[in-house]
Amino acid sequence: MDIAAMLLRLSEGMLRSVTIFGLTLVFSLPLGLLVAFGRMSKWTPFTCLGECKSGFLRKIAGFKPVQLIVKIYISIMRGTPLMLQLMVVYFGPWFIFGIKISLAYNFYAVIIAFVINYAAYFAEIYRGGIESMSKGQYEAAEVLGYSKAQTFFKIIMPQMFKRILPSVTNEVITLVKDTSLAFVVAYAEMFTVAKQIAAKESSVMPFVGAAVFYYVFNLIVALAMEKAEKSVSYYQ
Amino acid sequence: MNENIILDVRNAKKSFDELEVLKDISLTVNRGEVLAIIGPSGSGKSTLLRCATLLETLDSGYLSYLGEKAADTGVNGRAEYASKAELKQIRSYFGLVFQNFNLFPHYTVMKNVTDAPINVSKRSKAEAYKKARELLIKMGLEDKENYYPCQLSGGQQQRVSIVRALAMEPQILFFDEPTSALDPELTGEVLKVIRKLAEEHMTMVIVTHEMAFARAVADRVIFMDGGVIVEQGSPEEVLVNPKEERTKQFLARYSEEQ
(Lines give C-alpha, C1' and ligand atoms only; values in the text may rest on other atoms or scores of the structure.)
Protein backbone atom coordinates (compact mmCIF):
# COMPACT_ATOMS: atom_id res chain seq x y z
CA MET A 1 0.00 0.00 0.00
CA ASP A 2 1.52 3.29 -1.00
CA ILE A 3 1.47 6.48 1.05
CA ALA A 4 -1.33 8.04 -0.99
CA ALA A 5 -3.68 5.07 -0.46
CA MET A 6 -2.83 5.02 3.22
CA LEU A 7 -3.54 8.71 3.63
CA LEU A 8 -6.82 8.31 1.76
CA ARG A 9 -7.96 5.58 4.16
CA LEU A 10 -6.76 7.56 7.17
CA SER A 11 -8.63 10.64 6.00
CA GLU A 12 -11.85 8.61 5.76
CA GLY A 13 -11.34 7.68 9.41
CA MET A 14 -10.50 11.27 10.18
CA LEU A 15 -13.81 12.40 8.72
CA ARG A 16 -15.63 9.97 11.03
CA SER A 17 -13.67 11.23 14.07
CA VAL A 18 -14.54 14.81 13.19
CA THR A 19 -18.19 13.81 12.80
CA ILE A 20 -18.30 12.27 16.28
CA PHE A 21 -16.59 15.37 17.67
CA GLY A 22 -18.93 17.83 15.95
CA LEU A 23 -22.20 16.01 16.68
CA THR A 24 -21.22 15.41 20.31
CA LEU A 25 -20.62 19.11 20.87
CA VAL A 26 -23.75 20.21 19.00
CA PHE A 27 -25.97 18.06 21.20
CA SER A 28 -24.13 17.90 24.52
CA LEU A 29 -23.49 21.64 24.99
CA PRO A 30 -27.21 22.58 25.08
CA LEU A 31 -28.21 19.31 26.79
CA GLY A 32 -25.63 20.08 29.48
CA LEU A 33 -27.43 23.34 30.24
CA LEU A 34 -30.69 21.46 30.70
CA VAL A 35 -28.95 18.93 32.97
CA ALA A 36 -27.41 21.79 34.97
CA PHE A 37 -30.90 23.24 35.51
CA GLY A 38 -32.04 19.82 36.72
CA ARG A 39 -29.04 19.56 39.03
CA MET A 40 -29.91 22.96 40.53
CA SER A 41 -33.64 22.22 40.68
CA LYS A 42 -35.16 23.08 44.04
CA TRP A 43 -38.57 21.66 43.20
CA THR A 44 -40.09 19.99 46.26
CA PRO A 45 -43.45 18.45 45.34
CA PHE A 46 -44.25 17.45 48.91
CA THR A 47 -43.70 20.84 50.63
CA CYS A 48 -47.14 20.48 52.24
CA LEU A 49 -45.71 17.83 54.56
CA GLY A 50 -43.35 20.40 56.09
CA GLU A 51 -45.84 21.14 58.85
CA CYS A 52 -46.09 17.49 59.93
CA LYS A 53 -44.95 16.37 63.35
CA SER A 54 -43.19 13.25 62.11
CA GLY A 55 -39.53 13.83 61.32
CA PHE A 56 -39.69 11.34 58.47
CA LEU A 57 -42.53 13.16 56.74
CA ARG A 58 -40.71 16.47 57.18
CA LYS A 59 -37.70 14.92 55.45
CA ILE A 60 -39.91 13.98 52.52
CA ALA A 61 -41.10 17.60 52.37
CA GLY A 62 -37.55 18.67 51.60
CA PHE A 63 -37.11 15.92 48.98
CA LYS A 64 -36.03 17.25 45.57
CA PRO A 65 -36.75 14.46 43.07
CA VAL A 66 -35.41 16.17 39.93
CA GLN A 67 -32.18 17.11 41.63
CA LEU A 68 -31.71 13.59 42.98
CA ILE A 69 -32.29 11.89 39.62
CA VAL A 70 -29.88 14.24 37.87
CA LYS A 71 -27.30 13.78 40.62
CA ILE A 72 -27.44 9.99 40.15
CA TYR A 73 -27.16 10.39 36.38
CA ILE A 74 -24.10 12.65 36.67
CA SER A 75 -22.53 10.36 39.23
CA ILE A 76 -22.87 7.32 36.92
CA MET A 77 -21.60 9.22 33.87
CA ARG A 78 -18.54 10.43 35.72
CA GLY A 79 -18.00 7.30 37.75
CA THR A 80 -17.79 4.70 34.94
CA PRO A 81 -15.52 4.57 31.90
CA LEU A 82 -16.86 6.06 28.69
CA MET A 83 -15.78 2.87 26.92
CA LEU A 84 -18.10 0.84 29.13
CA GLN A 85 -20.93 3.32 28.54
CA LEU A 86 -20.41 2.92 24.79
CA MET A 87 -20.78 -0.82 25.13
CA VAL A 88 -23.92 -0.53 27.25
CA VAL A 89 -25.56 1.79 24.73
CA TYR A 90 -24.53 -0.46 21.84
CA PHE A 91 -25.29 -3.89 23.29
CA GLY A 92 -27.98 -2.84 25.79
CA PRO A 93 -30.95 -2.90 23.39
CA TRP A 94 -30.24 -6.54 22.53
CA PHE A 95 -29.24 -7.85 25.95
CA ILE A 96 -31.82 -5.97 27.98
CA PHE A 97 -34.79 -5.67 25.64
CA GLY A 98 -34.01 -8.31 23.01
CA ILE A 99 -34.29 -5.72 20.25
CA LYS A 100 -32.48 -6.68 17.05
CA ILE A 101 -30.26 -3.84 16.00
CA SER A 102 -29.06 -2.97 12.53
CA LEU A 103 -25.39 -2.80 11.66
CA ALA A 104 -25.53 0.96 11.21
CA TYR A 105 -26.61 1.32 14.85
CA ASN A 106 -23.00 1.50 16.01
CA PHE A 107 -22.74 5.08 14.71
CA TYR A 108 -25.86 6.14 16.64
CA ALA A 109 -24.64 4.31 19.74
CA VAL A 110 -21.39 6.27 19.58
CA ILE A 111 -23.21 9.61 19.31
CA ILE A 112 -25.73 8.77 22.06
CA ALA A 113 -23.06 7.57 24.48
CA PHE A 114 -20.78 10.53 23.84
CA VAL A 115 -23.60 13.06 24.13
CA ILE A 116 -24.99 11.77 27.43
CA ASN A 117 -21.48 11.43 28.86
CA TYR A 118 -20.28 14.87 27.85
CA ALA A 119 -23.57 16.55 28.80
CA ALA A 120 -22.94 15.41 32.39
CA TYR A 121 -19.48 16.98 32.44
CA PHE A 122 -20.65 20.18 30.76
CA ALA A 123 -23.56 20.40 33.23
CA GLU A 124 -21.18 20.46 36.16
CA ILE A 125 -19.04 23.09 34.44
CA TYR A 126 -22.14 25.23 33.79
CA ARG A 127 -23.27 24.81 37.37
CA GLY A 128 -19.89 25.94 38.64
CA GLY A 129 -20.13 29.02 36.43
CA ILE A 130 -23.68 29.85 37.45
CA GLU A 131 -23.03 29.38 41.15
CA SER A 132 -19.93 31.59 41.00
CA MET A 133 -22.07 34.59 40.00
CA SER A 134 -22.55 37.11 42.77
CA LYS A 135 -25.98 37.44 44.37
CA GLY A 136 -25.80 41.15 43.60
CA GLN A 137 -26.25 40.52 39.88
CA TYR A 138 -29.53 38.70 40.52
CA GLU A 139 -30.69 41.37 42.96
CA ALA A 140 -29.85 44.25 40.63
CA ALA A 141 -31.82 42.53 37.87
CA GLU A 142 -34.73 41.78 40.20
CA VAL A 143 -35.03 45.37 41.40
CA LEU A 144 -34.95 46.61 37.79
CA GLY A 145 -37.89 44.32 37.07
CA TYR A 146 -36.25 41.71 34.84
CA SER A 147 -38.13 38.42 34.71
CA LYS A 148 -36.33 35.25 35.82
CA ALA A 149 -35.77 34.19 32.19
CA GLN A 150 -34.46 37.64 31.22
CA THR A 151 -32.14 37.64 34.20
CA PHE A 152 -30.71 34.29 33.23
CA PHE A 153 -30.33 34.78 29.50
CA LYS A 154 -29.31 38.47 29.49
CA ILE A 155 -27.33 38.86 32.69
CA ILE A 156 -26.15 35.52 34.06
CA MET A 157 -25.52 33.32 31.01
CA PRO A 158 -23.17 35.65 29.08
CA GLN A 159 -21.03 36.11 32.18
CA MET A 160 -21.15 32.39 32.93
CA PHE A 161 -19.82 31.53 29.45
CA LYS A 162 -16.87 33.83 29.91
CA ARG A 163 -15.99 32.21 33.23
CA ILE A 164 -16.28 28.62 32.06
CA LEU A 165 -14.37 28.90 28.78
CA PRO A 166 -11.07 27.56 30.19
CA SER A 167 -12.81 24.49 31.66
CA VAL A 168 -14.76 23.94 28.44
CA THR A 169 -11.50 24.04 26.46
CA ASN A 170 -10.17 21.23 28.64
CA GLU A 171 -13.24 19.15 28.05
CA VAL A 172 -13.31 19.74 24.30
CA ILE A 173 -9.67 18.73 23.96
CA THR A 174 -10.37 15.54 25.88
CA LEU A 175 -13.26 14.89 23.52
CA VAL A 176 -10.95 15.01 20.48
CA LYS A 177 -8.88 12.20 21.95
CA ASP A 178 -11.88 10.30 23.32
CA THR A 179 -13.30 9.87 19.81
CA SER A 180 -10.82 7.00 19.45
CA LEU A 181 -12.91 5.00 21.95
CA ALA A 182 -15.52 4.45 19.26
CA PHE A 183 -13.46 1.44 18.17
CA VAL A 184 -15.10 -0.71 20.88
CA VAL A 185 -18.32 -0.78 18.88
CA ALA A 186 -16.44 -1.32 15.61
CA TYR A 187 -16.94 2.19 14.34
CA ALA A 188 -14.02 2.85 11.99
CA GLU A 189 -12.84 6.22 13.21
CA MET A 190 -9.30 7.50 12.69
CA PHE A 191 -7.48 5.41 15.26
CA THR A 192 -9.24 2.16 14.33
CA VAL A 193 -8.19 2.68 10.72
CA ALA A 194 -4.62 3.46 11.72
CA LYS A 195 -4.42 0.23 13.72
CA GLN A 196 -5.83 -1.82 10.86
CA ILE A 197 -3.34 -0.46 8.34
CA ALA A 198 -0.46 -0.77 10.79
CA ALA A 199 -1.25 -4.45 11.40
CA LYS A 200 -1.65 -5.22 7.73
CA GLU A 201 1.43 -3.36 6.51
CA SER A 202 3.65 -3.98 9.56
CA SER A 203 4.41 -0.26 9.65
CA VAL A 204 4.31 2.43 12.29
CA MET A 205 3.63 5.14 9.70
CA PRO A 206 -0.17 5.05 10.22
CA PHE A 207 0.37 5.77 13.92
CA VAL A 208 2.61 8.71 13.07
CA GLY A 209 -0.16 9.97 10.79
CA ALA A 210 -2.73 9.49 13.56
CA ALA A 211 -0.54 11.34 16.08
CA VAL A 212 -0.12 14.27 13.71
CA PHE A 213 -3.86 14.33 13.10
CA TYR A 214 -4.83 14.42 16.79
CA TYR A 215 -2.21 17.00 17.57
CA VAL A 216 -3.16 19.34 14.72
CA PHE A 217 -6.87 18.91 15.52
CA ASN A 218 -6.28 19.88 19.13
CA LEU A 219 -4.07 22.75 18.13
CA ILE A 220 -6.92 24.13 16.06
CA VAL A 221 -9.36 23.61 18.96
CA ALA A 222 -7.02 25.34 21.40
CA LEU A 223 -6.47 28.29 19.06
CA ALA A 224 -10.21 28.65 18.44
CA MET A 225 -10.93 28.62 22.18
CA GLU A 226 -8.18 31.14 22.80
CA LYS A 227 -9.81 33.38 20.24
CA ALA A 228 -13.16 32.91 21.98
CA GLU A 229 -11.59 33.87 25.32
CA LYS A 230 -10.05 36.95 23.76
CA SER A 231 -13.39 37.97 22.27
CA VAL A 232 -14.93 38.25 25.75
CA SER A 233 -11.91 39.78 27.48
CA TYR A 234 -13.23 43.33 27.05
CA TYR A 235 -14.87 43.12 30.49
CA GLN A 236 -14.00 41.63 33.85
CA MET B 1 -55.91 57.89 51.33
CA ASN B 2 -53.16 60.41 51.31
CA GLU B 3 -51.67 60.65 47.83
CA ASN B 4 -48.49 62.13 49.19
CA ILE B 5 -47.48 58.93 50.93
CA ILE B 6 -45.12 57.06 48.64
CA LEU B 7 -43.96 54.32 51.00
CA ASP B 8 -45.97 53.01 53.91
CA VAL B 9 -44.57 50.37 56.25
CA ARG B 10 -46.53 49.23 59.29
CA ASN B 11 -45.58 46.79 62.04
CA ALA B 12 -42.87 45.18 59.95
CA LYS B 13 -41.28 42.15 61.57
CA LYS B 14 -38.50 39.98 60.29
CA SER B 15 -36.38 37.26 61.88
CA PHE B 16 -33.50 35.21 60.56
CA ASP B 17 -33.89 31.89 62.35
CA GLU B 18 -33.93 32.87 66.03
CA LEU B 19 -32.55 36.37 65.53
CA GLU B 20 -35.18 39.11 65.44
CA VAL B 21 -33.83 41.73 63.03
CA LEU B 22 -36.87 43.96 62.66
CA LYS B 23 -39.14 44.37 65.66
CA ASP B 24 -42.35 46.08 64.73
CA ILE B 25 -41.10 48.87 62.47
CA SER B 26 -43.51 51.47 61.10
CA LEU B 27 -42.60 54.37 58.88
CA THR B 28 -43.98 56.43 56.04
CA VAL B 29 -42.14 58.38 53.39
CA ASN B 30 -43.86 61.34 51.76
CA ARG B 31 -43.41 62.60 48.23
CA GLY B 32 -40.31 64.76 47.88
CA GLU B 33 -38.96 63.77 51.27
CA VAL B 34 -35.36 62.73 51.88
CA LEU B 35 -35.08 60.26 54.73
CA ALA B 36 -31.73 59.21 56.16
CA ILE B 37 -31.48 56.03 58.20
CA ILE B 38 -28.50 55.75 60.52
CA GLY B 39 -27.47 53.23 63.12
CA PRO B 40 -24.79 50.72 64.06
CA SER B 41 -24.13 47.54 62.07
CA GLY B 42 -26.71 44.91 62.80
CA SER B 43 -29.32 47.48 63.74
CA GLY B 44 -31.62 46.20 60.99
CA LYS B 45 -31.41 49.21 58.70
CA SER B 46 -30.17 47.24 55.69
CA THR B 47 -32.75 44.52 56.29
CA LEU B 48 -35.46 47.18 56.39
CA LEU B 49 -34.27 48.47 53.03
CA ARG B 50 -34.12 44.96 51.59
CA CYS B 51 -37.64 44.20 52.80
CA ALA B 52 -38.93 47.47 51.39
CA THR B 53 -37.37 46.67 48.00
CA LEU B 54 -38.81 43.14 48.03
CA LEU B 55 -35.39 41.47 48.10
CA GLU B 56 -36.39 39.93 51.43
CA THR B 57 -39.87 39.00 52.55
CA LEU B 58 -41.39 40.26 55.78
CA ASP B 59 -42.53 37.72 58.34
CA SER B 60 -45.47 39.95 59.14
CA GLY B 61 -46.52 43.52 58.60
CA TYR B 62 -47.93 45.83 55.98
CA LEU B 63 -46.06 47.31 53.02
CA SER B 64 -47.45 49.55 50.29
CA TYR B 65 -46.31 51.95 47.62
CA LEU B 66 -48.61 54.76 46.48
CA GLY B 67 -51.44 53.01 48.25
CA GLU B 68 -50.89 49.78 46.32
CA LYS B 69 -50.48 46.95 48.75
CA ALA B 70 -47.40 44.76 48.37
CA ALA B 71 -47.83 42.78 51.58
CA ASP B 72 -50.14 42.59 54.54
CA THR B 73 -50.48 40.35 57.57
CA GLY B 74 -52.94 37.60 56.78
CA VAL B 75 -55.30 35.69 59.04
CA ASN B 76 -52.54 33.28 60.12
CA GLY B 77 -50.40 36.19 61.30
CA ARG B 78 -47.91 35.91 58.44
CA ALA B 79 -47.28 38.45 55.72
CA GLU B 80 -49.12 37.63 52.51
CA TYR B 81 -47.69 39.13 49.36
CA ALA B 82 -49.58 40.47 46.36
CA SER B 83 -49.69 38.59 43.05
CA LYS B 84 -46.68 38.40 40.74
CA ALA B 85 -48.23 40.91 38.34
CA GLU B 86 -49.02 43.36 41.13
CA LEU B 87 -45.52 43.08 42.54
CA LYS B 88 -44.08 43.69 39.07
CA GLN B 89 -46.07 46.92 38.91
CA ILE B 90 -44.95 47.88 42.44
CA ARG B 91 -41.30 47.21 41.57
CA SER B 92 -41.56 49.91 38.90
CA TYR B 93 -42.26 52.48 41.63
CA PHE B 94 -38.89 52.19 43.33
CA GLY B 95 -35.21 52.03 42.47
CA LEU B 96 -32.30 50.79 44.53
CA VAL B 97 -28.66 51.83 44.53
CA PHE B 98 -26.44 49.12 46.00
CA GLN B 99 -23.39 49.51 48.19
CA ASN B 100 -21.23 47.67 45.66
CA PHE B 101 -22.95 49.06 42.55
CA ASN B 102 -23.87 45.70 40.97
CA LEU B 103 -23.54 47.06 37.47
CA PHE B 104 -23.69 44.46 34.70
CA PRO B 105 -20.00 44.05 33.78
CA HIS B 106 -20.65 42.71 30.27
CA TYR B 107 -22.72 45.74 29.26
CA THR B 108 -21.46 49.19 28.38
CA VAL B 109 -22.58 52.13 30.49
CA MET B 110 -25.25 52.92 27.90
CA LYS B 111 -26.59 49.37 27.81
CA ASN B 112 -26.56 49.15 31.60
CA VAL B 113 -28.75 52.23 31.70
CA THR B 114 -31.08 51.52 28.75
CA ASP B 115 -31.55 47.76 28.82
CA ALA B 116 -34.20 47.66 31.55
CA PRO B 117 -36.21 50.64 30.20
CA ILE B 118 -36.27 48.95 26.78
CA ASN B 119 -36.82 45.33 27.83
CA VAL B 120 -38.77 45.74 31.07
CA SER B 121 -40.66 49.03 30.68
CA LYS B 122 -40.96 48.48 26.88
CA ARG B 123 -39.91 52.00 25.99
CA SER B 124 -38.67 52.77 22.51
CA LYS B 125 -34.95 52.63 21.95
CA ALA B 126 -34.83 56.29 20.91
CA GLU B 127 -36.70 57.38 24.02
CA ALA B 128 -34.55 55.27 26.35
CA TYR B 129 -31.32 56.58 24.81
CA LYS B 130 -32.50 60.18 24.99
CA LYS B 131 -33.40 59.84 28.65
CA ALA B 132 -30.13 58.04 29.39
CA ARG B 133 -28.05 60.75 27.73
CA GLU B 134 -29.85 63.46 29.71
CA LEU B 135 -29.13 61.65 32.96
CA LEU B 136 -25.51 60.89 32.06
CA ILE B 137 -24.93 64.56 31.32
CA LYS B 138 -26.50 65.49 34.62
CA MET B 139 -24.19 63.09 36.47
CA GLY B 140 -21.11 64.26 34.58
CA LEU B 141 -20.72 60.97 32.69
CA GLU B 142 -21.54 62.10 29.16
CA ASP B 143 -18.19 60.93 27.76
CA LYS B 144 -18.46 57.48 29.34
CA GLU B 145 -21.41 55.92 27.54
CA ASN B 146 -19.34 53.38 25.60
CA TYR B 147 -17.15 52.39 28.54
CA TYR B 148 -17.45 49.11 30.41
CA PRO B 149 -17.85 49.29 34.20
CA CYS B 150 -14.34 47.86 34.77
CA GLN B 151 -12.89 50.89 32.96
CA LEU B 152 -14.47 53.31 35.44
CA SER B 153 -13.51 54.41 38.94
CA GLY B 154 -15.68 53.37 41.88
CA GLY B 155 -17.27 56.80 42.09
CA GLN B 156 -18.08 56.76 38.39
CA GLN B 157 -19.52 53.25 38.67
CA GLN B 158 -21.74 54.32 41.53
CA ARG B 159 -22.94 57.33 39.55
CA VAL B 160 -23.74 55.02 36.63
CA SER B 161 -25.75 52.81 38.94
CA ILE B 162 -27.67 55.88 40.14
CA VAL B 163 -28.37 56.76 36.50
CA ARG B 164 -29.46 53.16 35.86
CA ALA B 165 -31.98 53.41 38.70
CA LEU B 166 -33.21 56.86 37.64
CA ALA B 167 -33.68 55.75 34.03
CA MET B 168 -36.59 53.60 35.20
CA GLU B 169 -38.25 56.81 36.45
CA PRO B 170 -38.94 55.57 39.97
CA GLN B 171 -41.19 57.41 42.41
CA ILE B 172 -38.74 56.71 45.20
CA LEU B 173 -35.06 55.84 45.25
CA PHE B 174 -33.36 53.77 47.95
CA PHE B 175 -29.65 53.95 48.68
CA ASP B 176 -27.96 51.17 50.64
CA GLU B 177 -24.77 52.74 52.03
CA PRO B 178 -23.92 54.20 48.63
CA THR B 179 -20.43 55.36 49.57
CA SER B 180 -19.27 52.56 51.87
CA ALA B 181 -17.38 50.71 49.13
CA LEU B 182 -15.61 53.86 47.93
CA ASP B 183 -12.26 55.43 48.73
CA PRO B 184 -12.75 58.54 50.86
CA GLU B 185 -11.74 60.84 48.01
CA LEU B 186 -14.41 59.31 45.76
CA THR B 187 -17.34 59.60 48.17
CA GLY B 188 -17.64 63.33 47.54
CA GLU B 189 -18.59 62.98 43.89
CA VAL B 190 -21.35 60.49 44.74
CA LEU B 191 -22.71 62.56 47.63
CA LYS B 192 -22.74 65.55 45.31
CA VAL B 193 -25.09 63.89 42.83
CA ILE B 194 -27.38 62.65 45.61
CA ARG B 195 -27.51 66.17 46.95
CA LYS B 196 -28.42 67.36 43.47
CA LEU B 197 -31.32 64.90 43.41
CA ALA B 198 -32.45 66.12 46.83
CA GLU B 199 -32.55 69.68 45.52
CA GLU B 200 -34.86 68.45 42.75
CA HIS B 201 -37.10 66.90 45.43
CA MET B 202 -36.53 63.32 44.43
CA THR B 203 -38.05 61.11 47.11
CA MET B 204 -35.18 59.19 48.67
CA VAL B 205 -34.38 56.84 51.53
CA ILE B 206 -30.67 56.73 52.29
CA VAL B 207 -29.00 54.27 54.63
CA THR B 208 -25.69 55.93 55.40
CA HIS B 209 -22.77 56.30 57.76
CA GLU B 210 -22.00 59.82 56.51
CA MET B 211 -23.42 61.91 59.36
CA ALA B 212 -22.42 65.26 57.92
CA PHE B 213 -24.05 64.31 54.67
CA ALA B 214 -27.22 63.09 56.37
CA ARG B 215 -27.41 66.36 58.25
CA ALA B 216 -26.98 68.42 55.11
CA VAL B 217 -29.29 66.56 52.79
CA ALA B 218 -32.01 64.81 54.83
CA ASP B 219 -35.39 66.25 55.80
CA ARG B 220 -35.77 63.58 58.43
CA VAL B 221 -33.35 61.25 60.17
CA ILE B 222 -34.17 57.88 61.69
CA PHE B 223 -31.82 56.27 64.19
CA MET B 224 -32.24 52.51 64.37
CA ASP B 225 -30.77 50.07 66.85
CA GLY B 226 -31.61 46.49 67.76
CA GLY B 227 -34.36 46.25 65.17
CA VAL B 228 -36.37 49.23 66.39
CA ILE B 229 -36.57 52.91 65.52
CA VAL B 230 -34.99 54.50 68.58
CA GLU B 231 -35.46 58.10 67.57
CA GLN B 232 -36.55 60.14 64.59
CA GLY B 233 -36.94 63.76 63.70
CA SER B 234 -35.23 66.57 61.85
CA PRO B 235 -31.44 66.27 61.38
CA GLU B 236 -31.02 68.92 64.07
CA GLU B 237 -33.14 67.00 66.55
CA VAL B 238 -31.57 63.60 66.02
CA LEU B 239 -27.97 64.41 65.13
CA VAL B 240 -27.35 67.53 67.19
CA ASN B 241 -29.71 67.32 70.14
CA PRO B 242 -30.62 63.65 70.51
CA LYS B 243 -33.03 62.84 73.33
CA GLU B 244 -32.35 59.12 73.65
CA GLU B 245 -29.32 57.86 75.53
CA ARG B 246 -28.63 55.21 72.87
CA THR B 247 -28.50 57.82 70.11
CA LYS B 248 -26.10 59.97 72.15
CA GLN B 249 -23.80 57.00 72.70
CA PHE B 250 -23.76 56.15 69.02
CA LEU B 251 -23.07 59.71 67.94
CA ALA B 252 -20.38 60.15 70.58
CA ARG B 253 -18.54 57.07 69.44
CA TYR B 254 -18.96 58.22 65.90
CA SER B 255 -17.49 61.67 66.47
CA GLU B 256 -14.52 60.11 68.32
CA GLU B 257 -13.70 58.12 65.21
CA GLN B 258 -13.87 61.15 62.97
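Annotations
- Value of [θ]222 nm, deg cm²/dmol, for chain B, DSSP H segments ≥ 4, -39500 (n - 2.57) each, nearest 500: -10500 deg cm²/dmol
- Between B and A, buried accessible area from a 1.4 angstrom probe totals roughly 2000 Å², ignoring ligands, DNA and RNA.
- Most to least packed among A:67-76, A:183-192, B:158-167 [average Cβ atoms within 10 Å]: B:158-167, A:183-192, A:67-76
- Between A:Gln196, A:Val212, A:Ser167, the Cα set farthest toward the positive side of the dipole of the stretch A:150-235 (charges on each charged residue's Cβ, about the Cα centre) is that of A:Ser167.
- Estimated distance in nm for a label pair at A:Ser231 and A:Val18, the labels positioned 7 Å out from Cα along Cα-to-Cβ: 1.9
- Within 10 Å of the Cβ of each residue in A:149-157, the mean number of Cβ atoms contributed by other protein chains is 2.
- Peptide B:91-98 has a mean of 3 when you count, residue by residue, the C-beta atoms of other protein chains within 10 Å of its C-beta.
- 5 Å-binned pair-distance histogram of chain A (Cα, whole percent): 1, 6, 11, 13, 14, 13, 12, 10, 8, 5, 4, 2, 1, 1, 0, 0, 0
- Shielding by partners for peptide B:102-111, expressed as the average number of C-beta atoms from other protein chains within 10 Å of each residue's C-beta, is 5.
- A Gaussian network model of chain B, with springs between Cα atoms under 10 Å, assigns the largest mean-square fluctuation among B:Ala214, B:Ala79, B:Ala126 to B:Ala126.
- Charge dipole (debye, nearest 20) of the stretch A:1-126; +1 at Cβ of Lys and Arg, -1 at Cβ of Asp and Glu: 640
- Taken about its Cα centre, chain B carries a charge dipole of roughly 860 debye when the Cβ of each Lys and Arg holds +1 and the Cβ of each Asp and Glu holds -1.
- Anisotropy class of the stretch B:11-66 from Cα gyration tensor, a/c 1.5 cut: oblate
- Cα radius of gyration and Dmax for the stretch A:1-104 (Å): 22.4, 80
- Once the C-beta distance of A:Lys135 and A:Leu219 is scaled by a Förster radius of 45 Å, the resulting FRET efficiency is 0.70 to the nearest 0.05.
- Restricting the stretch B:173-253 to trypsin sites (Lys or Arg not before Pro) in coil, as DSSP defines it, with at most 15 other Cβ within 10 Å: B:Lys243
- Convex hull volume per residue in cubic angstrom - Cα atoms of the stretch B:51-107: 105
- Carbon-plus-sulfur accessible fraction, the stretch A:97-236 (probe radius 1.4 Å, protein heavy atoms only): 67%.
- Hydrodynamic radius by Kirkwood, which averages 1/r over all alpha carbon pairs of the stretch B:1-127, in angstrom: 16.4
- With a threshold of 26 Å on the Cα-Cα distance, the over-threshold entries among A:Lys148/B:Lys125; B:Lys130/B:Lys192; A:Lys177/A:Lys227; B:Lys69/B:Lys125; B:Lys122/B:Lys144 are B:Lys69/B:Lys125.
- Under the span-like rule (Cα at least 18 Å along the axis, Kyte-Doolittle mean at least -0.5), DSSP H helices of chain A: A:3-39, A:65-79, A:82-97, A:105-131, A:157-178, A:205-231
- Normalised contact order of the stretch B:130-238, rounded percent, pairs of Cα under 8 Å and 6 or more residues apart: 20
- The coefficient of translational diffusion for the stretch B:112-179, derived via Stokes-Einstein from the alpha carbon Kirkwood radius under 4 °C and 1.567 mPa s, stands at 105 µm²/s.
- With the charge dipole of the stretch B:98-148 set up from +1 on Lys and Arg Cβ and -1 on Asp and Glu Cβ about the Cα centre, the Cα lying farthest toward the positive end among the listed residues B:Ile118, B:Phe98, B:Leu136 is that of B:Ile118.
- Percent of Cα pairs in the protein assembly as shown per distance bin of 10 Å, from zero to the largest separation: 4, 15, 21, 19, 15, 12, 8, 5, 2, 0, 0.
- Within the straight-line cut-off of under 20 Å between alpha carbons, the aspartates and glutamates reachable from B:Lys13 are B:Asp24, B:Glu56, B:Asp59, B:Glu68, B:Asp72, B:Glu80, B:Asp176, B:Asp225, B:Glu231, sequence neighbours fewer than 8 places apart in one chain being disregarded.
- Shape class of the stretch B:181-258 from the alpha-carbon gyration tensor: oblate, with a/c at 1.5 or above and b/c at least as large as a/b.
- Convex hull volume per residue, computed on the Cα atoms of the stretch B:185-229, equals 81 Å³.
- Prolate/oblate/rounded call for the stretch A:116-201, Cα gyration tensor, a/c under 1.5 rounded: prolate
- Compared with its chain on its own, the stretch B:138-159 contains the following residues whose accessible area drops by 20 Å² or more in the full protein assembly (probe 1.4 Å; ligands, DNA and RNA excluded): B:Tyr148, B:Cys150.
- The value of relative contact order for the stretch A:8-80, using C-alpha pairs under 8 Å at least six residues apart, is 26 percent.
- Shape analysis of the stretch A:7-50 based on the Cα gyration tensor places the equivalent ellipsoid semi-axes at 44, 7, 5 Å, largest first.
- Nitroxide proxy distance, nm - points 7 Å out along Cα→Cβ at A:Lys59 and B:Ser26: 4.7
- Accessible surface, per residue, of the protein assembly as shown when the full set of protein chains is kept, probe 1.4 Å, Å²: 50
- Net dipole in debye of the stretch A:107-236 [+1 Lys, Arg Cβ; -1 Asp, Glu Cβ; about Cα centre; nearest 20]: 160
- Chain A: relative contact order in percent, alpha carbon pairs under 8 Å with at least 6 residues between: 27
- Ligands, DNA and RNA excluded, the heavy atoms of A:Phe95 present near 150 Å² of accessible surface to a 1.4 Å solvent probe.
- Above 25 Å, the calculated P(r) of chain B contains 45 percent of its Cα-Cα pairs.
The values are calculated or read from the model by the stated rules, or taken from the named source; none is laboratory data. This is a predicted model, so every value here is computed, not measured. When we count neighbours, we look across all protein chains shown, and the Cβ atoms used for this are built from the backbone with ideal geometry, even at glycine. Each accessible area value is taken on the protein alone, full model and side chains, heavy atoms only, with ligands, DNA and RNA left out. Shrake-Rupley method; radii C 1.70, N 1.55, O 1.52, S 1.80 Å.
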